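Student: After the structure tokens below, expect a handful of questions from me.
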Protein chains: 2
Amino acid sequence: MYQLLNGLSLVEVSSFVASPTIGLYCAQFGADVIRVDQIGGGQDFRRWPVNERGDSFSWENLNRAKRSVALDLTKPEGRELLVRLCQQVGTLATNLPAKGFLAHDKLAQGRPDMISVRVMGWPDGAIALDYTANAVVGYPALTGHGDEPVNHSLPAWDFITGAYGAFALLAAVQRRTATGLGGEVRLPLTDIAIGTVANLGRVAEVLYSGHDRPRLGNAVYGTVGRDFVTADGVRVMIVAINERQWQGLLRALDIGAAIAGIETRESVCFAENDGMRYAHRDAIFAVMEAAIAPLSHAELAERLDAQGVTHGPYKTLPQAMEDDRLFTANPMFAQCDSNPSGFAYPAAGAFATIPQMERAPAAPAPLNGQHTEQVLAEKLGLSSGEIARLIDTGIAGVAQ
Amino acid sequence: MYQLLNGLSLVEVSSFVASPTIGLYCAQFGADVIRVDQIGGGQDFRRWPVNERGDSFSWENLNRAKRSVALDLTKPEGRELLVRLCQQVGTLATNLPAKGFLAHDKLAQGRPDMISVRVMGWPDGAIALDYTANAVVGYPALTGHGDEPVNHSLPAWDFITGAYGAFALLAAVQRRTATGLGGEVRLPLTDIAIGTVANLGRVAEVLYSGHDRPRLGNAVYGTVGRDFVTADGVRVMIVAINERQWQGLLRALDIGAAIAGIETRESVCFAENDGMRYAHRDAIFAVMEAAIAPLSHAELAERLDAQGVTHGPYKTLPQAMEDDRLFTANPMFAQCDSNPSGFAYPAAGAFATIPQMERAPAAPAPLNGQHTEQVLAEKLGLSSGEIARLIDTGIAGVAQ
């Protein structure tokens with residue numbers, strides 16, 4: 001938690017990963033994020049992983065540092081309260097449909113400078129998820145070693161969309177501050193996926209060459225990078241990303257003569273040309289394999305570090321959690337004892353580190369409806385009698 | 001291109017993917033992004049994919065809509081000019097080392113409210129890349145079908161870091177506007193990777209259960225989702241992400257009775273419990289396979305669409321580029337004829353769509369040094385004689 005966005009208030013009506021991440025990142029930078037959910041929790045409230053009583057570890061980490069308002073959104077009065085709350089606050093992040101009861105035009109009728117940031121599937125409103133957007137833009141066809149498509153297990157498009165959504169929200173707020181104008185920022189997962197493909201030059205590559213690049217297994221496109229196994233059985237990802245690292249790699253593995261042999265045999269020059277190194281990667285990888293096979297991981301790491309070559313061992317998550325720099329001594333993590341699940345553990349705060357500011361520890365997620373009374377009074381000016389009526393009639397819910 | 005960030009000016013000194021993406025997203029929202037490179041191009045200037053003369057399609061798509069200043073950064077006078085430019089503009093995005101000549105403290109000595117956003121490998125300054133950060137946090141160990149780790153081919157951490165970096169930059173600018181204070185925002189790839197793991201609840205899951213989740217191949221954790229092959233050989237990713245979609249899936253495939261059979265046999269109830277559906281996924285997948293095998297892709301898609309179930313066929317990128325919604329009729333893409341490579345093709349603009357604003361077409365990347373004279377005059381107030389001397393002495397470069 002860093003206090004960068006004090007004064008920014010945001011209603012979030014969202015589920016799963018991308019849309020909640022927008023609010024999470026803003027909340028971790030000090031914004032007041034008011035998450036509004038169905039009483040008892042929305043469709044992502046029990047999303048696995050869960051504890052024995054079904055409390056979601058996913059939900060409670062994607063919704064840290066937010067406030068929670070619970071309403072019955074199946075009833076017109078609950079929806080009307082949410083619309084009023086959005087209009088009062090003026091800024092909304094959601095993945096609800098563009099033409100539903102939180103349609104931007106409807107909100108803007110009561111709040112002309114309304115800003116809505118909307119995560120979508122396809123631009124036309126058709127549904128898509130990270131997993132289907134990934135399939136249709138072709139990444140699984142390039143991933144893995146065999147002939148069949150392989151999904152990434154990281155929901156990468158969700159997280160790219162969430163971070164980009166937080167960025168777009170602040171950009172829209174900056175424009176509103178400067179001009180008084182609001183608007184709806186639509187973020188279709190499929191546009192973010194194909195746009196990212198294009199930004200890597202791959203659309204141009206296909207149009208220029210007439211075909212897609214080959215599937216590379218664990219090798220890196222366009223440079224010298226792949227996984228290798230040491231004498232003690234540790235698999236290590238090694239990438240020589242620039243000229244300095246390439247020269248360092250030759251020294252670290254003492255393979256200068258063998259690589260020069262390839263250059264002579266193939267009549268090529270690898271210096272200052274990582275594309276050429278990539279084109280001859282199979283021969284280079286064979287030389288690297290032979291040099292790495294007799295080394296222990298400790299020896300290999302020492303040699304690569306001494307020459308400034310990028311490398312990292314493959315770990316499982318439990319192994320990663322034994323690493324000081326990643327987890328056990330990482331100041332990004334702080335013990336959180338008051339999670340809704342009742343389980344206490346170190347929780348991640350903001351990804352950024354700002355040496356000039358104090359990092360406040362990660363705050364817990366709210367209980368469903370924990371701030372219903374507070375927010376209805378503060379933002380909508382409802383009296384305690386009015387709020388009691390809403391609770392009694394089941395329109396509003398409060399934490400048990 | 002949308003004009004949301006008019007008035008924001010930013011110096012970018014960066015290479016590869018994450019750091020240039022910060023500037024790209026800002027430039028596509030109307031910020032003035034001044035990229036400063038070594039004369040003739042930095043270490044990513046020839047990054048593959050390239051055309052026949054070696055111009056990078058990757059570089060020219062990651063650097064659209066920016067201005068380019070070329071300096072000899074190996075010489076003290078070139079570095080000093082860059083430091084002055086950073087201090088004059090007041091905002092920097094970079095992946096240069098924290099302790100190098102663009103160290104934040106040094107910049108802040110001449111510009112107390114300086115903001116630096118710095119993409120790093122590890123928090124302690126050790127090098128890491130997307131591929132090594134991914135290996136150390138354990139995603140390859142969960143990806144694919146076999147026993148060996150599989151890298152994702154998408155550099156996901158780079159893009160998450162780039163989007164988060166653009167967000168953090170705007171957050172820091174908002175704080176400076178409110179308080180007059182600057183600061184350095186450090187973004188280590190490894191923190192973003194392990195922090196994202198934690199935000200998905202996976203750190204809590206490991207601490208609670210004592211072990212990691214299993215490798216799932218192309219199945220989705222915690223719900224009903226996997227790839228299936230139709231009678232005409234089309235592989236389709238199908239996800240029933242919520243209760244409504246689960247009920248829709250039963251109707252679409254006419255498998256209600258078969259699924260009820262599993263519930264009876266196993267004494268479980270799948271309704272309102274996607275975790276339970278996930279736990280019994282093998283039995284459910286077998287029923288789905290049998291129902292899908294006789295259907296053509298067209299039949300399957302029609303049935304799933306009619307019931308609102310999420311699905312998407314696996315495509316290669318060339319196949320994706322034949323899709324109207326993704327590419328050929330997608331207004332996010334606009335023909336760009338003046339790319340540095342000389343190759344003309346449709347280029348992606350901002351990922352966001354804002355119905356209330358006009359989308360300007362994607363702008364081209366600059367030539368190396370195209371704006372050197374303009375920026376040195378405009379930002380540093382150098383005379384034309386002074387600029388001519390810098391060019392003559394090889395300290396500054398201009399586009400050929």
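Student: Please find, among B:Asn95, B:Asn134, B:Asn51, B:Asn63, the residue that is touching a His at 6+ places or on another chain (Cβ under 8 Å), modelled with pLDDT of 95 or more and not basic (Lys, Arg).
Tutor: Answer to the selection: B:Asn134.
Student: From the set of residues in the stretch B:89-105 that are of a type outside the set (A, V, I, L, M) and within 22 Å of B:Ala31 (Cα to Cα), which is surrounded by the fewest Cβ atoms within 10 Å (Cβ to Cβ)?
Tutor: The extreme case among them is B:Gly90.
Student: Right, here's the next one. Among the residues of the stretch B:159-178, are any among the hydroxyl-bearing types (Ser, Thr, Tyr), buried (at least 24 other Cβ atoms within 10 Å of the Cβ) and more than 7 Å from chain A (Cβ to nearest Cβ)?
Tutor: Yes, some residue in the stretch B:159-178 is among the hydroxyl-bearing types (Ser, Thr, Tyr), buried (at least 24 other Cβ atoms within 10 Å of the Cβ) and more than 7 Å from chain A (Cβ to nearest Cβ).
For every residue, the table says whether it meets (1) in the same structural domain as B:Ala291 (by TED's automatic domain parsing); (2) under 25 Å from A:Val137 (Cβ atoms); (3) in contact with a Phe, Trp or Tyr (Cβ under 9 Å, 6 or more places away or on another chain).
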| position | (1), (2), (3) |
| --- | --- |
| B:Gly233 | yes, yes, no |
| B:Val236 | yes, yes, yes |
| B:Gln245 | yes, yes, no |
| B:Leu249 | yes, yes, no |
| B:Ala252 | yes, yes, no |
| B:Glu263 | yes, no, yes |
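Student: Another question about this same structure. State whether the residues of the stretch B:118-135 include one that is basic (Lys, Arg), more than 7 Å from chain A (Cβ to nearest Cβ), touching a residue at least 24 places away in the same chain (Cβ under 8 Å) and touching a Lys or Arg at 6+ places or on another chain (Cβ under 8 Å).
Tutor: Yes, that holds for at least one residue.
Student: Of a type in the set (Lys, Arg) and out of contact with any Leu (no Cβ under 8 Å at 6 or more places or on another chain) - does that describe any residue in the stretch B:218-229?
Tutor: yes
Yes/no per residue for (1) of a type in the set (A, V, I, L, M); (2) under 21 Å from A:Trp48 (Cβ atoms):
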position	(1), (2)
B:His211	no, yes
B:Val229	yes, no
B:Arg244	no, yes
B:Ile255	yes, no
B:Ile262	yes, yes
B:Met276	yes, yes
B:Phe285	no, yes
B:Met288	yes, yes
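Student: While we're looking at this one, here's another question. Select, from B:Gln307, B:Gln374, B:Gln335, B:Gln356, the only residue that is free of Cβ contacts under 8 Å to residues at least 12 places away in the same chain and not hydrophobic (A, V, I, L, M, F, W, C).
Tutor: Sole residue among the options that is free of Cβ contacts under 8 Å to residues at least 12 places away in the same chain and not hydrophobic (A, V, I, L, M, F, W, C): B:Gln356.
Student: Out of the stretch B:323-360, which residues are facing chain A (nearest Cβ under 7 Å), closer than 25 Å to B:Gly162 by Cα and of a type in the set (Lys, Arg)?
Tutor: Scanning the stretch B:323-360 gives no hits.
Student: Still on this structure, please answer the following. Scan the stretch B:168-186 and report the pairs whose first residue is under 15 Å from B:Gln87 (Cα atoms) and whose second residue is in a helix (DSSP H, G or I), with Cβ atoms within less than 6 Å and a gap of 6+ or a chain change.
Tutor: Every condition considered, the pairs that remain are B:Gly182/B:Arg176; B:Glu184/B:His104.
Student: Only one of B:Leu24, B:Leu71 is over 22 Å from A:Tyr278 (Cβ atoms), more than 17 Å from the chain's Cα centre (by Cα) and in the same structural domain as B:Asp337 (by TED's automatic domain parsing); which?
Tutor: On inspection, the qualifying residue turns out to be B:Leu71.
Student: Also: Looking at the structure I just gave you, is B:Pro140 more than 20 Å from the chain's Cα centre (by Cα) and facing chain A (nearest Cβ under 7 Å)?
Tutor: no
Student: Suppose we filter A:Leu24, A:Leu4, A:Leu85, A:Leu10 for residues that are of a type outside the set (Phe, Trp, Tyr), in contact with a Cys (Cβ under 8 Å, 6 or more places away or on another chain) and more than 20 Å from B:Ala240 (Cα to Cα); which single one remains?
Tutor: Every option except A:Leu10 fails the conditions.
Student: What number goes with the only condition from (1) out of contact with any strand residue (DSSP E or B) (no Cβ under 6 Å at 6 or more places or on another chain); (2) surrounded by fewer than 17 Cβ atoms within 10 Å (Cβ to Cβ); (3) not hydroxyl-bearing (Ser, Thr, Tyr) that B:Gln245 does not pass?
Tutor: (2)
Student: Kindly indicate which of A:Val220, A:Val197, A:Val203 is in contact (Cβ under 8 Å) with a residue 60 or more places away in the chain and aliphatic (A, V, I, L, M).
Tutor: Only one candidate qualifies: A:Val197.
Student: May I pose another question? Tell me which residues, restricted to the stretch A:343-385, are over 19 Å from A:Phe333 (Cα atoms), in contact with a Leu (Cβ under 8 Å, 6 or more places away or on another chain) and not basic (Lys, Arg).
Tutor: A:Thr372, A:Val375, A:Leu376, A:Leu380, A:Leu382
Student: Based on this model, can you work out whether A:Leu62 counts as within 10 Å of chain B (Cβ to nearest Cβ) and in contact (Cβ under 8 Å) with a residue 40 or more places away in the chain?
Tutor: Yes.
The values are calculated or read from the model by the stated rules, or taken from the named source; none is laboratory data. A quick note: this is a predicted structure, and the numbers were derived from the prediction, not measured. A quick note on method: Cβ atoms are made from the backbone with ideal geometry, for glycine too, and the neighbour counts reach across all protein chains shown.
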